[in-house]
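The values are calculated or read from the model by the stated rules, or taken from the named source; none is laboratory data. Fair warning: this is a prediction, and the values are worked out from it, not measured in the lab. Using ideal geometry, Cβ is built from the backbone for each residue, glycine included, and neighbour counts are taken over all protein chains shown. We work out accessible area using only protein heavy atoms, side chains counted, and drop any ligands, DNA or RNA first. Shrake-Rupley method; radii C 1.70, N 1.55, O 1.52, S 1.80 Å.
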Amino acid sequence: MKKTIEKFAGDTEGVSYELTVFRFKGTSKTAPSAYIQAALHAGELPGVVAIHALMPKLRAAEAEGRILGDITIVPAANPVGRAQYVFGELEGRFHLGTRTNFNRDFPLLDRPDKAALPPPPRNATVDVHLKRLLVGLSVGHDIVLDLHCDDEGVPYLYVPAQLWPAMQDCAAAMGVEAVILWEGESGAAFEEAAIHPWLQLPAEKAPLEGRVVTTVEFRGLADVYDRYARTDAEGIYRLLATRGVIGDAKAARPRKFSGVAAPIDRVELISMPRAGAILFHVEPGRSVRKGARLATIVHTPGEPDGSIDLLAPQAGYVLTRVSKRSGRAGDDIIKLIGEARSARPKAGALED
Ligand SMILES: [Zn+2]
């Protein structure tokens, strides 16, 4: 294993950042390669601790000569966001200087080759440099995992629709509960930047069967626990074994994915009609019938008609909910995977 530190300058004098990269060299020329990064949204730490739990397993595999494909790991992909504390709160989702989501506006290359990266614009800000760096590190790998988390939720994946159902084995290996399939434009999320170059090649030159690209949502922001880190590390390890990056026949045993897989237009975003306090009646992971009470909003406390119930617009599966307990009119507070297409499907391909 080789460790390198990528350094890049900030937007003001005297400020620079460091990105740690671990590389395992594979022993086989034909085995697929893998790239794994965590905490692109800098406050989303379940993936960071999962990588910390994964590394000893990879070191052991390396010592036994079982790393077959090259593996590149960036355990904390966003040192810029990591440093953005505002009044004591970490703002790791948007770059403060440009107000741009750290998981949007990645360069989309026309082929899976680092040389296809155009030169940075003269006025490029530090977040632009970071995104170029991450695309440069990840492009060309057969397997790309971008580890995130939701607010409160079950473990689930975003997967490009072109890679489904071929990626069922990966969802099963990782033990996730649900898979959201997306197609089209995501605003150039990292996941889109990872699949886009392959989609530009003719299918016979770049068959999609061997490709794995996913945004992994490891539950909620506060689900940072040793037991989850170990479970998630085992899930990633099983995926790598299943796809032949690591030699481990036991871990590579086929498994069946039994969770919910749905196109993104089946996701119902349950929003608040009025501001107030949120009383949730359902937790992520629960199935609900049409008309089930999902939450009550207390908008005028003390009044007999001071609250309003939010009902399930159709039968479905509760994927996530927000962790805050107060909100404004229009705030989305629950993601429900419906059994049918939503009457109001959300715009855009990725929520993360
Ligand atoms: Zn995220």
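Points to keep in mind about this one:
- Exactly one residue out of Gly187, Gly153 is open to solvent by 10 Å² or more (accessible area, probe 1.4 Å), within 15 Å of the ligand (Cβ to nearest atom) and either in contact with a Cys (Cβ under 6 Å, 6 or more places away or on another chain) or at pLDDT below 95 (or both), and it is Gly187.
- Neighbours by Cβ (under 6 Å, 6+ apart or cross-chain): first from segment 43-64, more than 15 Å from Tyr225 (Cβ to Cβ); second part of a helix (DSSP H, G or I) and open to solvent by 10 Å² or more (accessible area, probe 1.4 Å): Lys57/Tyr237
- Flag for Thr242 being of a type in the set (Ser, Thr, Tyr) and touching a strand residue (DSSP E or B) at 6+ places or on another chain (Cβ under 9 Å): no
- For segment 61-79, the count of residues that are open to solvent by less than 70 Å² (accessible area, probe 1.4 Å), farther than 16 Å from Val144 by Cα, in contact with a Cys (Cβ under 8 Å, 6 or more places away or on another chain) and not hydroxyl-bearing (Ser, Thr, Tyr) is zero.
- Of all residues in segment 85-114, those that are within 22 Å of Leu199 (Cα to Cα), in contact with a Leu (Cβ under 9 Å, 6 or more places away or on another chain) and not charged (D, E, K, R) total 5.
- Residues being more than 16 Å from the ligand (Cβ to nearest atom), surrounded by 14 or more Cβ atoms within 10 Å (Cβ to Cβ), among the hydrophobic types (A, V, I, L, M, F, W, C) and outside any helix (DSSP H, G or I) - total across segment 1-55: 8
- Within segment 279-321, tally of residues that are open to solvent by less than 20 Å² (accessible area, probe 1.4 Å) and not in a strand (DSSP E or B): 3
- The numbered conditions (1) free of Cβ contacts under 8 Å to residues at least 60 places away in the same chain; (2) open to solvent by 50 Å² or more (accessible area, probe 1.4 Å) are all true for His95 except (2).
- Residues in segment 194-207 that are of a type in the set (Gly, Ala, Ser) and open to solvent by 10 Å² or more (accessible area, probe 1.4 Å): 2 in all.
- Failed item in (1) out of contact with any strand residue (DSSP E or B) (no Cβ under 7 Å at 6 or more places or on another chain); (2) free of Cβ contacts under 8 Å to residues at least 12 places away in the same chain; (3) not β-branched (Val, Ile, Thr), with Ser16 passing the rest: (1)
- Any pair with Cβ under 7 angstrom, 6 or more apart, that starts in segment 233-258 at a residue that is more than 13 Å from Ile67 (Cα to Cα) and assigned to a loop (DSSP other than H, G, I, E, B) and ends at one that is modelled with pLDDT of 95 or more and basic (Lys, Arg): Ala251/Arg238
- Leading residue by the ranking (farthest from the ligand (Cβ to nearest atom)) among those in segment 324-352 that are of a type in the set (Gly, Ala, Ser) and open to solvent by less than 60 Å² (accessible area, probe 1.4 Å): Ala340
- Of all residue pairs spaced 6 or more apart or on separate chains, those with beta-carbon atoms under 7 Å, a first member in segment 214-231 that is away from the ligand (no atom under 16 Å from the Cβ) and among the hydrophobic types (A, V, I, L, M, F, W, C) and a second member that is at pLDDT 95 or above and open to solvent by less than 80 Å² (accessible area, probe 1.4 Å) are Ala229/Val49; Ala229/Ala50; Ala229/Ala53.
- Of residues in segment 99-127 being open to solvent by 50 Å² or more (accessible area, probe 1.4 Å) and within 19 Å of Phe8 (Cβ to Cβ), the one nearest to the ligand (Cβ to nearest atom): Asp105
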